[in-house]
Amino acid sequence: MGETTWLFGLPCSGKTTLAEGLVGPKTIHLDGDFLRDTLNTDLGFLKADRTENLRRAAGMAEVLNKQGFDVVASFITPYESQREMIREKVSDVAFVHVKAPIDVCEERDVKGMYEQARKGKIKNFTGIDAPFEVPEQEEDVLEVQTATHSKKENLKEINMELNRKPEPSHVFLGRWQPFHDGHRTIIDSVADNRKGVVIAIRDTELSEKNPFTAQERKELIKNVYSSYQNVKVMIVPDIDTVAIGRRVGYSVVSVPEKIAEISGTKIRQEYEEYELLAGAHLSD
């Protein structure tokens, strides 16, 4: 049985952005704009139509949950009565109020919807000429602030407060000599999206190409990811061969060209040159 996380708030408050950060391999994102452009093109924006739009979305969420899929839903959901209806229809649902001041929402509005609503060109627009009812039972709703907190901070709070388990771990194996921005870009693409990450450090012998001990690398990487609950760092024996069993199932992370061009050897040489220059300066 899956579970549903229902994000709601004013238009342009950041619901879709956070929803996309919660989506994993077994999670389906139900987005208000997408459903209105496909399944619910017959509905308008009066309260009755809005409620029907949400009723259909809640029904889809419950069906998907029963099939074992988690659902992340991002809808304005402006009325408390609508949220109560969703509670009745979805067996395991947690609400997240994605909150931002209306002036911030207007600044983010690249489509110009708020401006059109203020000019009367769009009717029944939430926050302008249609109400948004702030939740009264705050103990039943998690609130996140997108104007004052980053996407990463809000995703971390949602996962921790709702006790959402990360998706199956992604393993990154390497020497990490040194651990540089190229490595960060690849690993962060997974770690920032709620997925579990295991960074495995090969216990290589010290040499010119491997100047840092495995323990030194472990402490460095742990410090880098100290705020991530979904990242684990471990030391593994130096590896000669990696064998993949049948039907294990794995995927290869696509590495951007600019990242692939980063050379750890070049970075080490730059460190050495810097140390030599610093030493020469101190001896003068």
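Things worth noting here:
- Distance from the Cα centroid of the range 85-128 to that of the range 1-32 is 14 Å (rounded to whole angstrom).
- Accessible area of Ser81 (1.4 Å probe, protein heavy atoms only, ligands and nucleic acids ignored): about 70 Å².
- The GluC sites (Glu not before Pro) of the range 94-163 that meet both conditions, a loop assignment by DSSP and at most 14 other Cβ atoms within 10 Å of the site Cβ, are Glu133, Glu136.
- In a DSSP loop and with at most 14 other Cβ atoms within 10 Å, the trypsin sites (Lys or Arg not before Pro) in the range 200-230 are Lys209.
- Ignoring lysines fewer than eight residues from Lys123 along the same chain, the ones with Cα atoms less than 23 angstrom from its Cα are Lys15, Lys47, Lys99, Lys111.
- Near Pro237: Cβ cut-off under 10 Å, other residues only, Lys/Arg at +1 and Asp/Glu at -1. The net charge is -2.
- Where trypsin sites (Lys or Arg not before Pro) fall in DSSP loop in the range 99-146, at most 13 other Cβ within 10 Å: Lys111, Lys119, Lys121, Lys123
The values are calculated or read from the model by the stated rules, or taken from the named source; none is laboratory data. Small disclaimer: the values here were computed from a predicted structure and weren't measured. When we count neighbours, we look across all protein chains shown, and the Cβ atoms used for this are built from the backbone with ideal geometry, even at glycine. For accessibility, only protein heavy atoms count, side chains too; no ligands or nucleic acids. Shrake-Rupley method; radii C 1.70, N 1.55, O 1.52, S 1.80 Å.
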